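The values are calculated or read from the model by the stated rules, or taken from the named source; none is laboratory data. Fair warning: this is a prediction, and the values are worked out from it, not measured in the lab. Cβ placement follows ideal geometry from the backbone for every residue including glycine, while neighbour counts extend to all protein chains displayed.
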Amino acid sequence: MHFIHCFFESLKLGLTSFGGPVAHLAYFRDAYVERLKWLSDERFAELLALCQFIPGPASSQLGASIGYEKGGWLGAIGAWLGFTLPSALLMILFVTGMDNLNEWIGSGWIRGLKIVAVAVVANAVIGMQRKLCPDVKGLSIALIVAAILIIFKAPWLQALLIILGGFLGVILFNKSEPANSSIKQDNRSKHPWASLVVLGSFIIAVVFLSTAKFSNDETKMVAGLAKTGSMVFGGGHVVLPLLEAETVAKNIMSPDEFLAGYGLAQAVPGPMFTFGAYIGALVGIDGSPWLGGTVGVIAIFLPGMLLLTIGMPIWNTYKNISAISAALKGASAAVVGLILAALIYMLRAGVINNALEASIAIILAGIIYKKLIPVWLVVLSGIALGFVL
């Protein structure tokens, strides 16, 4: 029953998690840490650091890893499927005839969702800071990471700064902090050497996809999506330049078609990686947009999920070494800085346009913090408010 339980809990998130990958992390924390209590804030940050470090869709990988915590690999599959299915279906339906969808998601809808996203992310920053970096050392790491990310925009910096946080954690916490024995051991992962063999095979496959020449659009599409899913860190909007290079630049679709899918991907809930479903449906396989969309979404998600299955056994084997535990504490503080930087970036990008929207965001953040109503109801309230602002 773990599959069903994880599927339906993640389906709620897949239907209501608007705002991109950073907001998704906040929704996940509220659902899995605060409401369901499937894992602690410490374990949540540990899994998040792992998912940010390896290529692939970070929010989807995090959801799958939490499903794994709850119910093994069936739980992981259920969690991934529930979170991904709503937006993937919307993407395919858009291609197959829902051309009036853009009218349904007018500017008011988007405006309200942006305000809710700010409120959710702000609440996550406050909650995670209090639990993961309450002291001066941890807070310093978080602020350093946030400052670097605010100044420099390179996407690869996320993984590098988590590593930096880990090194600083070894320096600052290794002498005073024992290994965290509260993090449960995973006896399902006894042979990390097998993961190393799979990792080598994976690297060979990525090299092949990067160098091979394909003749038809269907094969180009599948190979391009798989290659993108293998090389993007953090997911979200970072995936778009690589996808454009694998589609528009290779004449698989027009720039207008690509931009239409990009606009839709920002408007629907769930992971940005379901853009792969749109691309697959548009190209089609044997003339079928449904088959193409299904293959497309699998192709772009599969590499990151495979890397997650490789990384978790290796991580769970070595994580409780004292120095690694200290590094984890530093990496967790770096994650808080990463989310703080994302919040500041959202504000600088004009997500909040005036004092009224800022006031609404603060009120909604307070409602979420006090748990006055469920987060999904806050989302719906934000949508309604967006239409009247």
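Annotations for the structure displayed:
- Taking (1) crowded, with 18+ Cβ neighbours inside 10 Å; (2) modelled with pLDDT of 85 or more in turn, Phe94 satisfies each apart from (2).
- Residue in the range 14-29 that is over 19 Å from Gly304 (Cβ atoms), over 16 Å from the mean Cα position of the chain (by Cα) and of a type in the set (A, V, I, L, M, F, W, C) present: no
- Among residues of the range 67-90 that are at pLDDT 95 or above and surrounded by fewer than 21 Cβ atoms within 10 Å (Cβ to Cβ), none has a beta-carbon under 7 Å from a residue that is assigned to a helix (DSSP H, G or I) and β-branched (Val, Ile, Thr) at least six positions away or on a different chain.
- Checked against the criterion of being surrounded by 16 or more Cβ atoms within 10 Å (Cβ to Cβ), in a helix (DSSP H, G or I) and at pLDDT 75 or above, the candidates Ile314, Ile383 yield just one match: Ile383.
- Cβ-Cβ contacts under 6 Å between residues 6 or more apart (or on different chains), taken from a first residue in the range 28-54 that is under 18 Å from Ala122 (Cα atoms) to a second residue that is in a loop (DSSP other than H, G, I, E, B) and not hydroxyl-bearing (Ser, Thr, Tyr), are listed as Tyr32/Trp38.
- Residue count for the range 128-149 under the criterion of being within 22 Å of Leu39 (Cβ to Cβ), of a type in the set (Gly, Ala, Ser) and either under 21 Å from the mean Cα position of the chain (by Cα) or assigned to a loop (DSSP other than H, G, I, E, B) (or both): the result is 1.
- Filter result for Ala355 (modelled with pLDDT of 85 or more, out of contact with any helix residue (DSSP H, G or I) (no Cβ under 8 Å at 6 or more places or on another chain) and among the hydrophobic types (A, V, I, L, M, F, W, C)): yes
- Being at pLDDT below 90 and farther than 25 Å from Ala341 by Cα is a property that Trp38 lacks.
- Residue ID - nearest to Ile115 (Cα to Cα), chosen from residues in the range 333-372 that are surrounded by fewer than 16 Cβ atoms within 10 Å (Cβ to Cβ) and of a type in the set (Gly, Ala, Ser): Ala358
- Single residue of Val388, Val375 found to be farther than 10 Å from Ile115 by Cβ and either exposed (fewer than 13 other Cβ atoms within 10 Å of the Cβ) or at pLDDT 80 or above (or both): Val388
- Tally, over the range 125-182, of residues that are at pLDDT below 90 and touching a Cys at 6+ places or on another chain (Cβ under 6 Å): 0
- Among the residues of the range 53-66, the one identified as surrounded by fewer than 24 Cβ atoms within 10 Å (Cβ to Cβ) and either assigned to a helix (DSSP H, G or I) or basic (Lys, Arg) (or both) is Phe53.
- Annotation for the range 217-236: at least one member residue is more than 22 Å from Leu306 (Cα to Cα), more than 26 Å from the chain's Cα centre (by Cα) and at pLDDT 70 or above.
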